[in-house]
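The values are calculated or read from the model by the stated rules, or taken from the named source; none is laboratory data. Remember, it's a predicted structure, so these values are computed and weren't measured experimentally. Here the Cβ positions follow ideal geometry from the backbone for every residue, glycine too, while neighbour counts run over all protein chains shown. Each accessible area value is taken on the protein alone, full model and side chains, heavy atoms only, with ligands, DNA and RNA left out. Shrake-Rupley method; radii C 1.70, N 1.55, O 1.52, S 1.80 Å.
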Amino acid sequence: MKIGVFVCHCGTNISAVIDVQKVVNDLAKMPGVFAMDYKFMCSDPGQNMIISEIKQKKLDAVIVAACSPCLHELTFRNTLIRGGLNPYMLEIANIREQDSWVHTDRDKATEKAVRLAKMAVAKAKRNQPLFPQEVSVEKSCLVIGGGIAGIQAAIDISSAGYQTVIVEKEPSIGGKMAMFDKTFPTLDCSACILTPKMVQASQSKKVKIYTYSEVEEIGGYVGNFNARIRVKARSVNMEKCTGCGICWQKCPVKVNSEFEQNLGPRKAVYVPFAQAVPNVPVIDCVNCTYYRSKRQNPESKGLCRICEKFCPAGAIEFDQKDKIIEEKFGAVIVATGFSAFDHKVYGEYGAGRYKDVVTALQFERLLNSSGPTQGKILRPSDSKEARTIVFVQCVGSRDESKGVPYCSRVCCMYTAKQALLLKEHIPDANAYVFYIDIRAAGKNYEEFIERVQDEYGVLYLRGRVSKIYRTGDGALLVRGADTLSGTQVEISADMVVLATGLVSNPETVKLGQMIGIPYDKNRFFTESHPKLAPAETQTAGVFICGACQFPKDIPDSVAQAGAAASKVLGLFSQEHLMLEPVLACVNQKICNGCFHCRAVCPYNAIDEEILKDKSVVARVIESKCHGCGNCISACPVSAVDLKGYTNEQILEQLQSLR
Amino acid sequence: MKELIDKAKELLKEKKVETVIGYREIRGCVVPAYVDSPCDADCLIFDKRCVYNLANYLKWFKNKNVALVLKGCDAKSINVWLQEFQIKRENIFIIGVECYGVMNEKSADAGLSDKCGHCEAHVPNIYDAVIKHQGDKKESVQGEPFKDIQEFEKLPHDERWDFWKKQFEKCIKCYACREICPMCYCKECIVERNIPQWIMSSPSVKGNFEWNMVRAFHLAGRCVECGECERACPVNIPLMKLNKKLIKEMKELFDYSAGQKEDVKSAIDDFYPEKDIKIDDKMIR
Ligand SMILES: Cc1cc2nc3c(=O)[nH]c(=O)nc-3n(C[C@H](O)[C@H](O)[C@H](O)COP(=O)(O)OP(=O)(O)OC[C@H]3O[C@@H](n4cnc5c(N)ncnc54)[C@H](O)[C@@H]3O)c2cc1C
Ligand code: SF4
Ligand code: SF4
């Protein structure tokens, strides 16, 4: 085997500390090794030199002693291809980041460079040509979550002509944005800008929407995911229903509406809000009289059935069953949004006991003209108009002790918006905001806050609220610190609005494990690079956008949705994908079938295979394997190896150091 | 004894199993017995001379239906085998025996074996039938189960090193410890690999260190303390001292003891940094 070693000066980045000539001389002394140096190996002349040496000296493998493989491994792999070699016959000895940049002693650094290059030679001797596998791309995208982020991504992908499926667990798409009255900083009406998007998505021939549905399983790999979707029984026939609304007018059962944040009622058969897409109700089996009577006495005909009697379209179908849909997708976008922090853990704010201490989402509904109070700001306890309102920021944000160390990013802004809207509804109302810092780093955000303070006269107090009491007359006494004037303040308020932070969706962990994408310690999905790949994940073909990645406002969610969509379109523009061949493989002759490998594989890439002698052994599903190497360290008999980084190669490298 | 024999006969007669693996006595010595037919079952015995961990014999009965006579300590091995997918539960019938200690084969005064000192598993934690103990039930010695290890840890580094060097010098690489260990079931043991060769095959001090360390590490979170390796070692290396050290670490760091249940994940399969990493001064030191 003939090996060429090409040592780079990297201008003076390497040669200032390392005696390049000595490295070349020492390496050239090794049997079967040819060595030379050049100023910039990655330049065109440098690469051409490698190519001509490969051809002239009939080299079998190439070592480039230069910078980190993160930078130029791909460059030099292509150089090898142009020289007629398999690209995986390349080894890089990183003598810059791991040597010249971190050492000053010239002799020792040179010695280290020689050793690094020798290790690379030892490894290259056992390199095998590897061949990427080609897979086809199913040109259809699954979007999980139909909030603004998911809707936007679906619209972008479908307008480029590709099929998109939105799976939304609620009866309607829209997400949190559907609950708001107005949006900061421009105060456009939330419904007026959201509804057209919901309609656009639902009317597009390229978008299929499964509401009241959940993704139960996802398998496969980039270009070829298989998803199992459970479409829950709605008890209403989607085709027949005209959305006339007679059923929910007639239904006698009233329960608290989740969409109204428990401030108003809904029926047992209901659409969550007037502009719901699809405008088809669902029957809530838990509270519906018919289903309850059936559960008590399965033999009976069942009570009530009023909706069925009145429905002019005959759309009520009590015997509907969940439907399971299996579909193939080339890409997946996760846009499952956020949940609001549960403020019950704050004992000092009443721990949820006081009706008039409401959350920001509840207040959004009170402000909303289609909300439970038709936009009148009435306090929940006695429906009296609230004239003095205290807003408390950072409830469940920036509070280590409550497990939320991060800033939720939008609460300063929405609190300002809510205070402003209060003043617009009731001009002589008093609004106080307790804050720690004001974070308004967005286009026109700072100006918005200024306007709220100066034009609308909202009083901002810098400090924490230490206690909220109820006094005899039903008012709330808010005690807090004003750290700017250094005084304790007490405000008697009609209502308190807690700016509850944005926390991750409770299903994040389950979903992340199912799809095989990581989440961080706050249980938000992790992007594959915080700066350079904000919409990608570690798993090829799976993208994230919106508040499921981290709290963000609508503009940022929409922008990230567009980014995720463009990545998907990039994927779909290819007919075939080449998958990296650096993958695990099992030596089934010695595999014990203990399946520690399967347990530690984050990508579900290990399967069982039954051999002729009936023993069960492990097999790597190559298309799923990412070559992370977890299985290799877990295998007690070293039956698994990583192609291109075999145990034998690593041991050879170590032994070359002796 | 009659209970045991009757059970074995019943299982064989009804063809629930092909073989019953138990203990019998030959010329005053207790040895393992494979019983294939009901009429041979009368030879089966159980008393405190029944030291062997018969779970080891499953290595030769992997896909067969067998019944095993198992003590509490031995039965834990079955849980590990199940966790590691080596057998199917329905293929084996466990005749658990209630046990209050077996004798110490190596010591002349014929007291109880060391491993019985802190036994918590007088009745197996997995079984299909249990044979009750006859006679007096002497409870195990109470107190700190890892006392000897704690004492040893207190010794200076050099002293511990010398201790093990002396012990491993004795090793003749006969691999009796491996052969008798129910957990050492690999088709090809790592010491026998030659591409690449991880462990020197000659019985040199270095090779012996490598072997004994690898053996112990491969048992971390898996060793059920049946004590068979130490008993089988012809040169009397105190192998349980190494095993117990790892058992102690597993307990302290991961709150994990091997073989407690069949339906929990094995320690190596169930590692989540948020849950499992407890950094204390001891680890940094
Ligand atoms: C009180 C308040 C006021 C706000 N006001 C403003 C404002 O004025 N301006 C502004 O720019 N931003 C505002 N925000 C921020 C805004 O809510 C978010 O930026 C936006 O909702 C993020 O959109 P999303 O699609 O990522 O998430 P969401 O809106 O949370 O949508 C996620 C969707 O995914 C669905 N889903 C979740 N899990 C699953 C699953 N497993 N399977 C299927 N579907 C699932 C959910 O049901 C939901 O429909 C406000 C936030 C709050 C809390
Ligand atoms: S290297 Fe092993 S653990 Fe990693 S993805 Fe491949 S099969 Fe799974
Ligand atoms: S860990 Fe190793 S021995 Fe066990 S099943 Fe996987 S490849 Fe086979």
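Please count how many residues of the range A:321-350 are part of a strand (DSSP E or B) and either on the phi > 0 side of the Ramachandran plot or within 16 Å of ligand 1 (Cβ to nearest atom) (or both). So that I can check it myself, show each step before the final result.
Of all residues in the range A:321-350, those part of a strand (DSSP E or B) come to A:323-329, A:331-334, A:338-340.
Retained after the next criterion (residues that are either on the phi > 0 side of the Ramachandran plot or within 16 Å of ligand 1 (Cβ to nearest atom) (or both)): A:323-325, A:327, A:329, A:332-334, A:338-340.
Matching residues across the range A:321-350 total 11.
Can you confirm whether A:A93 is over 38 Å from the mean Cα position of the chain (by Cα) and open to solvent by less than 60 Å² (accessible area, probe 1.4 Å)? Explain how you work it out, then say what you get.
Values: over 38 Å from the mean Cα position of the chain (by Cα): no; open to solvent by less than 60 Å² (accessible area, probe 1.4 Å): yes.
Judged against the criteria, A:A93 is not a match.
Please work out which one of (1) open to solvent by 50 Å² or more (accessible area, probe 1.4 Å); (2) farther than 23 Å from A:S370 by Cβ is the condition A:I157 fails and give its number.
Here A:I157 clears every test but (1).
As an exercise: evaluate A:G644 against (1) at positive phi; (2) within 14 Å of chain B (Cβ to nearest Cβ) and give the number of the one condition it does not meet.
With (1) at positive phi; (2) within 14 Å of chain B (Cβ to nearest Cβ) applied to A:G644, the lone miss is (2).
It is to be established whether one or more residues within the range B:155-170 are under 30 Å from B:E90 (Cβ atoms) and open to solvent by less than 80 Å² (accessible area, probe 1.4 Å). Even if it seems obvious, please write down each step before you answer.
Restricting attention to the range B:155-170, the residues satisfying the condition of being under 30 Å from B:E90 (Cβ atoms) are none.
No, there is no match, as no residue in the range B:155-170 is under 30 Å from B:E90 (Cβ atoms) and open to solvent by less than 80 Å² (accessible area, probe 1.4 Å).
Condition first: in contact with an Asp or Glu (Cβ under 8 Å, 6 or more places away or on another chain) and in contact (Cβ under 8 Å) with a residue 12 or more places away in the chain. Can you find one or more residues in the range A:240-247 that meet it?
Let us first name the residues in the range A:240-247 that are in contact with an Asp or Glu (Cβ under 8 Å, 6 or more places away or on another chain), namely none.
No, the range A:240-247 contains no residue that is in contact with an Asp or Glu (Cβ under 8 Å, 6 or more places away or on another chain) and in contact (Cβ under 8 Å) with a residue 12 or more places away in the chain.
Give me the residue from the range A:571-618 that is assigned to a strand (DSSP E or B), within 15 Å of ligand 3 (Cβ to nearest atom) and under 22 Å from A:G516 (Cβ atoms) and, out of that set, most open to solvent (accessible area, probe 1.4 Å). Don't jump to the end; show me each part of the working.
Just the residues of the range A:571-618 that are assigned to a strand (DSSP E or B), to begin with: A:576-579, A:584-586, A:606-610, A:616-618.
Add one more test, that the residue is within 15 Å of ligand 3 (Cβ to nearest atom), and what stays is A:584-586, A:606-610, A:616-618.
Still in the list and also under 22 Å from A:G516 (Cβ atoms): A:584-586, A:606-609, A:618.
Working: A:A584: 4, A:C585: 51, A:V586: 30, A:I606: 16, A:D607: 61, A:E608: 88, A:E609: 62, A:A618: 2 Å².
For the range A:571-618, the residue satisfying everything is A:E608.
How many residues does the range B:44-64 contain that are more than 14 Å from every other protein chain (Cβ to nearest Cβ) and either part of a strand (DSSP E or B) or open to solvent by less than 40 Å² (accessible area, probe 1.4 Å) (or both)?
Let us first name the residues in the range B:44-64 that are more than 14 Å from every other protein chain (Cβ to nearest Cβ), namely B:44-57.
Among the residues that remain, those that are also either part of a strand (DSSP E or B) or open to solvent by less than 40 Å² (accessible area, probe 1.4 Å) (or both) are: B:44-45, B:50-51, B:53-56.
Residues that pass the stated criteria total 8.
What number of residues within the range B:144-174 satisfy the criterion of being assigned to a loop (DSSP other than H, G, I, E, B) and under 23 Å from the mean Cα position of the chain (by Cα)? Spell out the reasoning first.
Of all residues in the range B:144-174, those assigned to a loop (DSSP other than H, G, I, E, B) come to B:144-146, B:155-156, B:170-174.
Within this subset, residues satisfying the condition of being under 23 Å from the mean Cα position of the chain (by Cα) are B:144-146, B:170-174.
Adding up the residues that qualify gives 8.
Of everything in the range B:221-267 that's surrounded by 21 or more Cβ atoms within 10 Å (Cβ to Cβ) and among the β-branched types (V, I, T), which residue is farthest from B:F146 (Cα to Cα)?
B:I237
Please name all residue pairs, on different chains or six or more residues apart, with Cβ atoms under 6 Å, provided the first residue is in the range B:170-188 and is charged (D, E, K, R) and the second residue is open to solvent by 30 Å² or more (accessible area, probe 1.4 Å) and part of a loop (DSSP other than H, G, I, E, B).
Correct list of pairs: B:K170/B:V235; B:K173/B:P203; B:R178/B:C184.
Those residues that are assigned to a loop (DSSP other than H, G, I, E, B) and either more than 9 Å from every other protein chain (Cβ to nearest Cβ) or touching a residue at least 12 places away in the same chain (Cβ under 8 Å) (or both), I need them from the range B:190-199; list them, please.
Filtering the range B:190-199 down to residues assigned to a loop (DSSP other than H, G, I, E, B) leaves B:193-199.
Listed by number, the residues that qualify are B:N194, B:W198, B:I199.
Residue by residue through the range A:589-618, note down the ones that are polar (S, T, N, Q) and more than 11 Å from chain B (Cβ to nearest Cβ).
Initial filter on the range A:589-618 (polar (S, T, N, Q)): A:592, A:604, A:615.
Listed by number, the list holds a single entry, A:N604.
Looking at the range A:139-179, which of its residues are under 13 Å from A:L569 (Cα atoms) and either charged (D, E, K, R) or within 16 Å of ligand 2 (Cβ to nearest atom) (or both)?
Matches in the range A:139-179: A:K139, A:D156.
Can you name the residue in the range B:237-269 that is among the polar types (S, T, N, Q) and away from chain A (no Cβ under 14 Å) and is also farthest from B:H218 (Cα to Cα) among such residues? Let's see the steps before the verdict.
Looking only at the range B:237-269, we keep the residues that are among the polar types (S, T, N, Q), and these are B:243, B:257, B:260, B:266.
Within this subset, residues satisfying the condition of being away from chain A (no Cβ under 14 Å) are B:243, B:257, B:260.
Values: B:N243: 10, B:S257: 15, B:Q260: 18 Å.
Looking at the filtered set, the residue picked out is B:Q260.
Please work out if A:K531 is open to solvent by 60 Å² or more (accessible area, probe 1.4 Å), away from ligand 1 (no atom under 16 Å from the Cβ), more than 13 Å from the chain's Cα centre (by Cα) and modelled with pLDDT of 90 or more.
Details: open to solvent by 60 Å² or more (accessible area, probe 1.4 Å): yes; away from ligand 1 (no atom under 16 Å from the Cβ): yes; more than 13 Å from the chain's Cα centre (by Cα): yes; modelled with pLDDT of 90 or more: no.
Criteria not met by A:K531.
Could you tell me whether the range A:553-562 includes any residue that is part of a loop (DSSP other than H, G, I, E, B) and assigned by TED's automatic domain parsing to the domain that holds A:N224? Before you say what the answer is, go through the steps one by one.
Applying the first criterion (part of a loop (DSSP other than H, G, I, E, B)) to the range A:553-562 yields A:553.
Okay, now just the ones that are also assigned by TED's automatic domain parsing to the domain that holds A:N224, so A:553.
Yes, because at least one residue in the range A:553-562 is part of a loop (DSSP other than H, G, I, E, B) and assigned by TED's automatic domain parsing to the domain that holds A:N224.
Look through B:P124, B:P38, B:P145 and report the one residue that is closer than 20 Å to B:E228 by Cα and either within 14 Å of chain A (Cβ to nearest Cβ) or open to solvent by 20 Å² or more (accessible area, probe 1.4 Å) (or both). Can you show your working first?
Working: B:P124 fails: either within 14 Å of chain A (Cβ to nearest Cβ) or open to solvent by 20 Å² or more (accessible area, probe 1.4 Å) (or both); B:P38 fails: closer than 20 Å to B:E228 by Cα.
Result of the check over B:P124, B:P38, B:P145: B:P145.
A quick yes/no check of all residues on (1) within 16 Å of ligand 2 (Cβ to nearest atom); (2) in contact with a Cys (Cβ under 9 Å, 6 or more places away or on another chain); (3) more than 14 Å from chain B (Cβ to nearest Cβ):
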| position | (1), (2), (3) |
| --- | --- |
| A:G472 | no, no, yes |
| A:G480 | no, no, yes |
| A:G486 | no, no, yes |
| A:A493 | no, no, yes |
| A:V497 | no, no, yes |
| A:G501 | no, yes, yes |
| A:K510 | no, no, yes |
| A:D520 | no, no, no |
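Just the residues that are within 11 Å of chain A (Cβ to nearest Cβ) and assigned to a loop (DSSP other than H, G, I, E, B), please, taken from the range B:65-85.
B:E84, B:F85
For the range A:619-641, give me each residue that is among the polar types (S, T, N, Q) and either crowded, with 20+ Cβ neighbours inside 10 Å or within 13 Å of chain B (Cβ to nearest Cβ) (or both).
As a first pass, look at the range A:619-641 and keep what is among the polar types (S, T, N, Q): A:623, A:630, A:633, A:638.
Those that are among the polar types (S, T, N, Q) and either crowded, with 20+ Cβ neighbours inside 10 Å or within 13 Å of chain B (Cβ to nearest Cβ) (or both): A:N630, A:S633, A:S638.
Residue by residue, here is whether (1) away from ligand 1 (no atom under 16 Å from the Cβ); (2) under 27 Å from A:P132 (Cα atoms); (3) of a type outside the set (D, E) holds:
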{"position": "A:P555", "(1), (2), (3)": "no, no, yes"}
{"position": "A:S566", "(1), (2), (3)": "yes, yes, yes"}
{"position": "A:L569", "(1), (2), (3)": "yes, yes, yes"}
{"position": "A:F572", "(1), (2), (3)": "yes, yes, yes"}
{"position": "A:D607", "(1), (2), (3)": "yes, yes, no"}
{"position": "A:H626", "(1), (2), (3)": "yes, yes, yes"}
